[in-house]
Amino acid sequence: MYLSIGETALFLGVSVSTLRRWDNQGLFLPCIKTCGGHRRYGMSKLGGYFKEDNQDENEEKMTIGYCRVSSHDQKEDLQRQIKRVKKYCHKFEHPVEIIRDLGSGLNFKKRGLQRLIQLILKRKISKLVLTHRDRLLRFGSELILALCKFFSVEVFVMEEKKSKSDEEELAQDVLEILTVFSARLYGKRSSQNRKLKNQILAS
């Protein structure tokens, strides 16, 4: 499986321009380049990047529970997720570390998600526990799960069955996209309005 330069940059926590510079300097080369000149990186390439950080073979790997909610007013839901995941992990007979996130399922740059990805790439995780697949991402969770499979991370999803119809799922996805778009649009306008106000006051 190959990743685009943008996806690879997100996984490694660097900018796209940094990856291009590393390529030009021969430090971190893509696996292939398409006919259009686009760089593509394989998952094995990402594993090799973190090779020096890999833990000792004899060191016990971690069990991670990943819990996420979209907003601050869902803190109670977050605590319920954490409690359920901890209870589920008792059967593994060793401690679980909870990574908690606050943010939209459309946001790939959440701090907790970035930490989870880097732990996977460093081969420090043996098991990943989720209440639902969409706790990872609303769109793109398959990519994270493919990383888990490649790096031999067992994934346990507590609720695999759909509780909503396809139409309800689609409506929720569209609503979340609109919410994120609106927040960015009004945030941009608010910034422009403040700048205009400051210019008027300064004149």
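The C-beta contact set for the range 84-97 (first residue in contact (Cβ under 8 Å) with a residue 40 or more places away in the chain and of a type in the set (A, V, I, L, M, F, W, C), second residue part of a loop (DSSP other than H, G, I, E, B) and surrounded by 14 or more Cβ atoms within 10 Å (Cβ to Cβ), distance under 7 angstrom, 6+ apart or interchain) comprises 85/131. Within the range 70-116, restricting attention to residues that are modelled with pLDDT under 90 and aliphatic (A, V, I, L, M), the residue that is farthest from residue 130 (Cα to Cα) is 106. Of all residue pairs spaced 6 or more apart or on separate chains, none has beta-carbon atoms under 8 Å together with a first member in the range 116-140 that is not assigned by TED's automatic domain parsing to the domain that holds residue 92 and a second member that is surrounded by 20 or more Cβ atoms within 10 Å (Cβ to Cβ) and of a type in the set (Asp, Glu).
Say we look at the range 29-64 and pick out the residues that are among the aliphatic types (A, V, I, L, M) and over 24 Å from residue 128 (Cα atoms); which of these is modelled with the lowest pLDDT? Don't jump to the end; show me each part of the working.
First, pick out the residues of the range 29-64 that are among the aliphatic types (A, V, I, L, M): 29, 32, 43, 46, 62, 64.
Filter once more, so that each one left must be over 24 Å from residue 128 (Cα atoms): 29, 32.
Values: 29: 85, 32: 88.
Residue satisfying both the conditions and the ranking: 29.
Annotation note: Cβ proximity below 6 Å between a residue of the range 40-68 that is of a type in the set (A, V, I, L, M) and a residue that is assigned to a loop (DSSP other than H, G, I, E, B) and at pLDDT 70 or above (sequence gap 6+ or interchain) occurs for 43/1; 62/124.
Filter the range 19-28 for residues that are loosely packed, with under 14 Cβ neighbours inside 10 Å and modelled with pLDDT of 85 or more; which is nearest to residue 143 (Cα to Cα)? Steps first, answer last, please.
Initially, the range 19-28 is screened for residues loosely packed, with under 14 Cβ neighbours inside 10 Å, giving 21, 24-27.
Cutting the leftovers down to modelled with pLDDT of 85 or more gives us 21, 24.
Numbers: 21: 25, 24: 27 Å.
By that ranking, first place goes to 21.
The single condition among (1) exposed (fewer than 12 other Cβ atoms within 10 Å of the Cβ); (2) at pLDDT 85 or above; (3) under 23 Å from residue 101 (Cβ atoms); (4) not acidic (Asp, Glu) that residue 67 does not meet is (1). For the range 3-18, taking the residues that are free of Cβ contacts under 8 Å to residues at least 24 places away in the same chain and of a type in the set (S, T, N, Q), the one that is surrounded by the fewest Cβ atoms within 10 Å (Cβ to Cβ) is identified as 17.
The values are calculated or read from the model by the stated rules, or taken from the named source; none is laboratory data. The structure presented is a predicted model; accordingly, all values stated were derived computationally and were not measured. So basically every Cβ, Gly included, is an ideal-geometry build from the backbone, and we count neighbours across all protein chains shown.
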